[in-house]
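Everything on this sheet refers to the single structure shown next.
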Amino acid sequence: MSSPTLGKEDADSVLVVGVTRGDLGAFERLVERHRDVVVRVASRIVGDDEAEDVSQDAFLRAFHRLERFRGDAPFRSWLLRITHNAALDHLARRRPQPVDPSELDRSESESQQRAPAERLELRERIERLERKLHGLAPAHRAVLVLRDVEGFSYEEIAAITDTPLGSVKGRLHRARRDFIEMLRANTYDWELPQ
C-alpha cells in the first residue's frame, strides 16, 4: 500500500489511515515498524521482565485511541507517549520488588573475544549499572532513557511525556546528576572524578 519513496512518517500516516478504515493488517505493520523502540523504552522504565506486557498494553491503547490521533506529532512520538504512560501506570500498580538486572544483548563474536573473567566482570558492571538506573525516580529515568539511550530531542521527549520543555530539561539535569552521584558511590567501578 505504501510507496517505497514515502518517508517513515508519511508511511506511518498512510498506515494510520488504513487502520481507521478497518485494515487490521495496516496496524500489524505499524506494530512491526515500532515494536523494537516501544519494547526498549518500556524495558528501561519497568525492566525487561515486564516490558513485553507494557508494550502489548501500549499497542492495545494505541489501537483503541487511533481515531484520536491528529497527526500534530509523528506517529512514533504519539506511540511512545502512550508507552511512557502505560509504563508509569504499570509501575504505579505494582508493589515494589527488587529489580532483576537485565542482560545486554551482545554479539557472539564480542563475547567470544573476551576472557571468561573479563566477561564476568563486564556482566557484573552492567548489572550494577542497571540497578542504579532503576534507582532513579520513574519520571527521571524515563527522560534519561529517552534522551541518552534512545536519542530523542528535548521537544520529542516533551511530547512523549506530556511535560513542558523546561521540566524535561530540569528532570534530565537532575536524573544525570543523581545517576552520576550513584555511580560515584562506587568510584572503583566507574573511575569518575570526585
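Computed from the coordinates by the stated procedures, all read-outs in this text should not be read as laboratory data. Everything numeric here is computed off the predicted structure, so don't read it as measured data. Don't worry about glycine lacking a Cβ; one is built from the backbone with ideal geometry, like all the others, and counts go over all protein chains shown.
Summary table
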read-out: Qualifying residue in region 52-63 (condition: without any contact (Cβ under 8 Å) to a residue 40 or more places away in the chain and polar (S, T, N, Q)); value: yes
read-out: Matching residues, region 13-47, being within 14 Å of ILE82 (Cβ to Cβ) and either touching a residue at least 60 places away in the same chain (Cβ under 8 Å) or aromatic (Phe, Trp, Tyr) (or both); value: PHE27, VAL37, VAL41, ILE45
read-out: Pairs with Cβ under 7 Å, 6+ apart, first in region 156-182 and over 10 Å from VAL143 (Cα atoms), second of a type in the set (Gly, Ala, Ser) and surrounded by 14 or more Cβ atoms within 10 Å (Cβ to Cβ); value: GLU156/SER77; ALA159/ALA73; ALA159/SER77; PRO164/ALA158; LEU165/ALA158
